[in-house]
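*Asks:* Before we start, here is the structure in question, set down as structure tokens.
The values are calculated or read from the model by the stated rules, or taken from the named source; none is laboratory data. Note that the structure is predicted; figures quoted are calculated from it, not measured. Don't worry about glycine lacking a Cβ; one is built from the backbone with ideal geometry, like all the others, and counts go over all protein chains shown. The area values use the complete protein model at the heavy-atom level, side chains included, leaving out ligands, DNA and RNA. Shrake-Rupley method; radii C 1.70, N 1.55, O 1.52, S 1.80 Å.
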Amino acid sequence: MASLVGGPAWVVACLAHNSLPQGCIDEGCVDHAMRESTPAAEVPFVVAGVMLAATGVGLLALARARTGLGRSGVAAGVAGAVGCALLAVALVVSTFVDNNWNGMPGLVVPGVLLLVLGLVLGVVVVLRARVLPTWCAISLLASAVLLPFANEQTSRILLAVPFRLCWMGAGVVLLRRR
């Protein structure tokens, strides 16, 4: 159920954020302002993030019940948790202190990379445990690889949408199996 709540929230947040004026990336920020955010985009992102964490834990629990987690599963959980924690700290700092994601590459970049690593490892564990059909797990894996290329400052934020659509599909598959 968490994927069916978080998926649409993520898509709405990406579309809302993409409707705002384009921002800047790296050196382009010298003469161009960063894209601001609005509550219409921020609230669904937070909901989606919490739901992503819940479904990730749920999928790892299903995999553990079937075959055990092994080193890959533990690494997936640790990488995902640390990535989420770094991104949560960056969100709090940008909301209440600095309002500048580019000023926090020490939190955001490792957070995104660790989260994607956790997702990829988690999908491999889920695939190996046959928690999801092969086609579903592979679509999750392929779409997760797009996540590091997404950027909230430009239309590249839309590269995050396929992952959440696949995640919603996985939720539907699991609900239908019940």
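*Asks:* The conditions are (1) open to solvent by 20 Å² or more (accessible area, probe 1.4 Å); (2) closer than 15 Å to Leu165 by Cα, and Glu36 fails exactly one of them. Which is it?
*Replies:* All conditions pass for Glu36, except number (2).
*Asks:* Can you pull out the residues in the range 1-28 that are modelled with pLDDT under 85, open to solvent by 40 Å² or more (accessible area, probe 1.4 Å) and assigned to a helix (DSSP H, G or I)?
*Replies:* Asp26, Glu27
*Asks:* Among what's in the range 64-112 and is surrounded by 14 or more Cβ atoms within 10 Å (Cβ to Cβ), within 17 Å of Val47 (Cα to Cα) and out of contact with any Leu (no Cβ under 8 Å at 6 or more places or on another chain), pick the residue that is modelled with the lowest pLDDT.
*Replies:* Within the range 64-112, the match that is modelled with the lowest pLDDT is Leu91.
*Asks:* In addition: Filter the range 33-56 down to the residues that are part of a loop (DSSP other than H, G, I, E, B), hydroxyl-bearing (Ser, Thr, Tyr) and either in contact (Cβ under 8 Å) with a residue 24 or more places away in the chain or touching a Ser or Thr at 6+ places or on another chain (Cβ under 6 Å) (or both) and list them by number.
*Replies:* Answer for the range 33-56, where residues must be part of a loop (DSSP other than H, G, I, E, B), hydroxyl-bearing (Ser, Thr, Tyr) and either in contact (Cβ under 8 Å) with a residue 24 or more places away in the chain or touching a Ser or Thr at 6+ places or on another chain (Cβ under 6 Å) (or both): just Ser37.
*Asks:* Pull up the range 143-165, narrow it to residues that are small (Gly, Ala, Ser) and open to solvent by 20 Å² or more (accessible area, probe 1.4 Å), then point me to the one that is nearest to Pro110 (Cα to Cα).
*Replies:* Per the criteria, the residue is Ala150.
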